[in-house]
Amino acid sequence: MKTRRFERMTISNEFLILNFLSIVVLLTVCSFIVNGYAQTEASQSAESAGVTDATVASDLDELLTTVYCYCGCTRETIEVCTCGTAMEIESNFQDRLLAGETVEQIRTDYLDTYGPQYYAVMPVEGINLLAYAMPVIILALIGGVVFVVLRRSTRSMQQAVSEDGSGEAGHQVSDETVQQVEAELERYKREG
C-alpha cells in the first residue's frame, strides 16, 4: 500500500512540474509580446520624430560614412566623430535630404566648401588608379616568383636523380638486401 501512496506523489510531482513548465512558457510568450509591442511603439514614435523615410536614412548613412569631419579633432568620418561639429553637420545633411537634395549634390557642395581632402572614399581616377591596381599587380608578381622558384627546384631535383643513374637509382634494391629478405622469408617458413 505504501507504493501506491508514493505513486500518487510521483504523479502529483509530474503534474506540478508540467504546470510549472507551462507557466514559464506562458510568461516567456507574454514577455515577447510585450517587448514586440514596446518596440513597435518606439519605432513609430521615432519615425514621427526623426527620419521618416528609409531612403533618407540610407542616404544620410552614405553621406556620414563617405565624408570626413572638418573639426580638426581627428581624421574621422562624420559618423564616427563625436564632436559637436559632426552633430551639426549630420543635422544639416538630414535637413537637406528631407528638403529633397540628392546625396551627390550635398557631398559636392560639402567638398567644394571644405576641400577634396575631406572625401573619405578615394575616387577611381588619375593617380588613384595605381593604388587600386597595386594589390593585384603585387599578388601576380609574388605568384610568378613562387612559380619560377618551384619550377627550378623541381628541375634541379630531376637532374640530380638522373645524374645518379638514369633516374632509377633511388628505386633499386641492392642484391644483398634481396638475399637478406629471402633468407628471412625461408627461416619464417621453416619455423611456421
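The values are calculated or read from the model by the stated rules, or taken from the named source; none is laboratory data. All of these numbers come straight from a predicted model, not from anything done at the bench. In this analysis, Cβ positions are derived from the backbone assuming ideal geometry, glycine residues included, and neighbour counts consider all displayed protein chains. When the accessible area is computed, the model is the full protein with side chains, heavy atoms only, and any ligands, DNA or RNA have been set aside. Shrake-Rupley method; radii C 1.70, N 1.55, O 1.52, S 1.80 Å.
Points worth noting:
- Flag for THR154 being closer than 25 Å to THR65 by Cβ and either part of a helix (DSSP H, G or I) or not β-branched (Val, Ile, Thr) (or both): no
- Any hit, the stretch 163-176, residues being among the β-branched types (Val, Ile, Thr) and surrounded by 10 or more Cβ atoms within 10 Å (Cβ to Cβ): no
- Options MET87, MET134: the member that is at pLDDT 85 or above and exposed (fewer than 11 other Cβ atoms within 10 Å of the Cβ): MET134
- Filter pass, THR40 being open to solvent by 60 Å² or more (accessible area, probe 1.4 Å), modelled with pLDDT under 70 and under 30 Å from TYR119 (Cα atoms): no
- Residue match in the stretch 54-64 (condition: open to solvent by 70 Å² or more (accessible area, probe 1.4 Å) and without any contact (Cβ under 8 Å) to a residue 12 or more places away in the chain): yes
- Considering the conditions (1) under 19 Å from ASP53 (Cα atoms); (2) part of a helix (DSSP H, G or I), GLY100 is excluded by exactly one of them, (2).
- Tallying residues that are open to solvent by less than 80 Å² (accessible area, probe 1.4 Å) and in a helix (DSSP H, G or I) within the stretch 121-131 yields 2.
- The single condition among (1) surrounded by fewer than 10 Cβ atoms within 10 Å (Cβ to Cβ); (2) under 16 Å from ASP59 (Cα atoms); (3) among the charged types (D, E, K, R) that ASP112 does not meet is (2).
- Test for VAL103: is it hydrophobic (A, V, I, L, M, F, W, C), in contact (Cβ under 8 Å) with a residue 24 or more places away in the chain and exposed (fewer than 13 other Cβ atoms within 10 Å of the Cβ): no
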